[in-house]
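Presented below is the structure to which this report refers.
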Amino acid sequence: MKRSSCPITCTLDILGDKWTLIIMRDALFRGFTTYGEFQSSPENISTNILAARLKKMVEDGIFVKVPDAENKLKIHYMLTDKGKDLRNVLVAVGSWGSKHVDGALDMRGKMS
C-alpha cells in the first residue's frame, strides 16, 4: 500500500536509504553484479542489510537474479531497464554532493 501518490514519496519508498543508493552506485558505475563485489565496497555494508536490500531491489524490479554460467551457486544481480534508468538520478545526487559537501570527490573521483 502506497503512503502517497506523490512521485517523490513513491520513489523514496524504493530508494530512500543510503545502502540502496550505494548498491546502485556500485552497480551503475563500478559494474558490480555479485554479492561479494557489493560487500567489498569501502562503506562496509553489513551482510544482513546487503541481503535485505538486494532482495527488495529484486522485488522492486531494479535487479534480476541470474545464475553464473560456470558456477550455478553464484548469482549475478543484473540491472533491469528500470534500474538502469536510475543512472541520471545518481549522477544528480553525486553532482550535488560534489558541489555542496566539503571533502566530497567530484564525479571523476577527484577532490572538488
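The values are calculated or read from the model by the stated rules, or taken from the named source; none is laboratory data. These numbers come from a predicted model, not from an experiment. Neighbour counts run over all protein chains shown; Cβ positions are idealised from the backbone, glycine included.
Filtering the range 21-44 to residues that are among the aliphatic types (A, V, I, L, M) and closer than 17 Å to Ile75 by Cβ leaves Ile23, Ala27. Taken over the range 20-54, the criterion of being within 17 Å of Asp85 (Cα to Cα) and among the acidic types (Asp, Glu) is satisfied by Asp26 alone.
Beta carbons closer than 7 Å, at least 6 apart along the sequence or on distinct chains, pair a first residue in the range 89-108 that is of a type in the set (Asp, Glu) with a second that is assigned to a loop (DSSP other than H, G, I, E, B) for Asp106/Ser112. Residue count for the range 1-40 satisfying the condition of being more than 10 Å from the chain's Cα centre (by Cα), at pLDDT 95 or above and small (Gly, Ala, Ser): 3.
Residue-by-condition table, conditions (1) under 15 Å from Met24 (Cβ atoms); (2) touching a helix residue (DSSP H, G or I) at 6+ places or on another chain (Cβ under 8 Å):
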residue: Asp81; (1), (2): yes, no
residue: Val91; (1), (2): yes, no
residue: Ser98; (1), (2): no, no
residue: Leu105; (1), (2): no, yes
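For the range 65-77, the criterion of being surrounded by 10 or more Cβ atoms within 10 Å (Cβ to Cβ), under 14 Å from the mean Cα position of the chain (by Cα) and at pLDDT below 95 is met by no residue.
Which one of Lys72, Lys65 is free of Cβ contacts under 8 Å to residues at least 12 places away in the same chain, over 26 Å from Asp106 (Cα atoms) and either among the basic types (Lys, Arg) or touching a Ser or Thr at 6+ places or on another chain (Cβ under 9 Å) (or both)?
Lys72
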